[in-house]
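The values are calculated or read from the model by the stated rules, or taken from the named source; none is laboratory data. Keep in mind the model is a prediction, meaning the values are calculated, not measured. With ideal geometry, Cβ positions are generated from the backbone for all residues, glycine too; neighbour counts draw on all protein chains shown. Heads up: the accessible areas ignore ligands, DNA and RNA and are worked out on the full protein's heavy atoms, side chains in. Shrake-Rupley method; radii C 1.70, N 1.55, O 1.52, S 1.80 Å.
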Amino acid sequence: MTTLLLAPAGITVAGLVLVPLLLVVRNSFASADAYGGIQGGWTLANYQDLMDPVYLKVFSYSLGMAALNTAVCLVLGYVVSYYLSSRSPQRQMLLLLLIIVPFWTDFLVRTFAWINLLSPGGPVNSLTDAIGFTDGATQWIPSQGASFVGLVYAFLPTAIFPIYASLRSVDHSLGEAARDLGCGWWRVHTRVLLPIARPGMLAAALLTFIPTLGVFVIPVLLGGGRDQLVGNLIVTLYTEFRNQPMGAAASVVLLLLMVASMAVFGLAARRLRRKSA
């Protein structure tokens, strides 16, 4: 009976996840025909081609951008989560709703909204003119900075919720007791609150770092495609270069990077549990 109940879910997972994954892995070892299609055979040439400095630069840039985005999201996520957890329950629900509401809108629409915000003469340009940072119309997009702002905006809520879940149950009298014992603001957070929030921060890092590697839309719309992430490289190999085997190989490399990241975060979580035991 249990097998019959699990069969639809198992068939769905196999058909929509496992079979496509196996096809991508198989195609990554195939040769390309004259039109970039799958010709068959077995070769490591696609992976060898990815060792070219041009492609290695894309992978290293993606890892660096993902790490930087994760670090910024963790810092901002901790600050916002601490503020949320220190409010009254009614105020917490209202603030959480304000964070969630923008995500009821399609991801692509929200990215286009940033194009309007950062466009010459837009709200951000008007603000920088008012404070004297710029003078007149300024071209903020496309740029690497605009792409990074879009990444932080996209993944900051993903970082906030796990950290908030760790801090919401904290008795804030712990911070008051630490201050009474002579701890300053910095030590209250680093010695008392941050150790409690570590599981949430680890989860937030995992949920931020891995998806950032495969982002495609933000670097194209806000960065102009100048600095590509791995997701952009895969699309380029499939569509512009018309090299499906090499695109499949890049997809497998991305998958391996994600698996390796999950393994690192898993080891960190296990070590954290051993310390707290």
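The table that follows gives values for the structure above.
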{"item": "Solvent exposure of the chain as accessible area per residue, Å², 1.4 Å probe", "result": "58 Å²"}
{"item": "Rounded, prolate or oblate (a/c below 1.5 giving rounded, otherwise prolate when a/b exceeds b/c) for segment 1-101 by Cα gyration tensor", "result": "oblate"}
{"item": "Pairwise FRET efficiency - Q144 versus V19, Cβ, R0 = 41 Å, nearest 0.05", "result": "0.60"}
{"item": "Within-15-Å neighbourhood charge of T190 [Cβ basis; K, R +1; D, E -1]", "result": "+4"}
{"item": "Length gained when the stretch M262-Q48 is fully extended (0.36 nm per residue, less Cα-Cα span)", "result": "74.5 nm"}
{"item": "R26 paired with L97, simple spin-label distance in nm, labels 7 Å along Cα-to-beta-carbon", "result": "5.2 nm"}
{"item": "Helical segments meeting 15 Å axial Cα length and Kyte-Doolittle 0.0 threshold in the chain (DSSP H)", "result": "2-13, 53-85, 89-100, 107-118, 144-167, 194-213, 244-276"}
{"item": "Over the chain: helical MRE at 222 nm, DSSP H runs n ≥ 4 each giving -39500 (n - 2.57), nearest 500", "result": "-22500 deg cm²/dmol"}
{"item": "Tail beyond 15 Å, pair distance distribution of segment 117-157 (Cα, percent)", "result": "45 percent"}
{"item": "Computed Kirkwood radius, in angstrom, where 1/r is averaged over Cα pairs of segment 89-189", "result": "17.0 Å"}
{"item": "Full-extension gain in nm, Y35 to R179, via 0.36 nm per residue minus C-alpha separation", "result": "44.9 nm"}
{"item": "Solvent-accessible ranking of H172, H189, largest area first, probe 1.4 Å", "result": "H172, H189"}
{"item": "Candidates per trypsin sites (Lys or Arg not before Pro) in segment 136-241, loop by DSSP, up to 15 other Cβ within 10 Å", "result": "R168, R226"}
{"item": "Structure-derived Rg/Rh (Cα atoms, Kirkwood Rh) - corresponding label in [x] 1.07; [y] 1.00; [z] 1.04", "result": "[z]"}
{"item": "Cα-based Kirkwood hydrodynamic radius, segment 133-277, one decimal, Å", "result": "18.4 Å"}
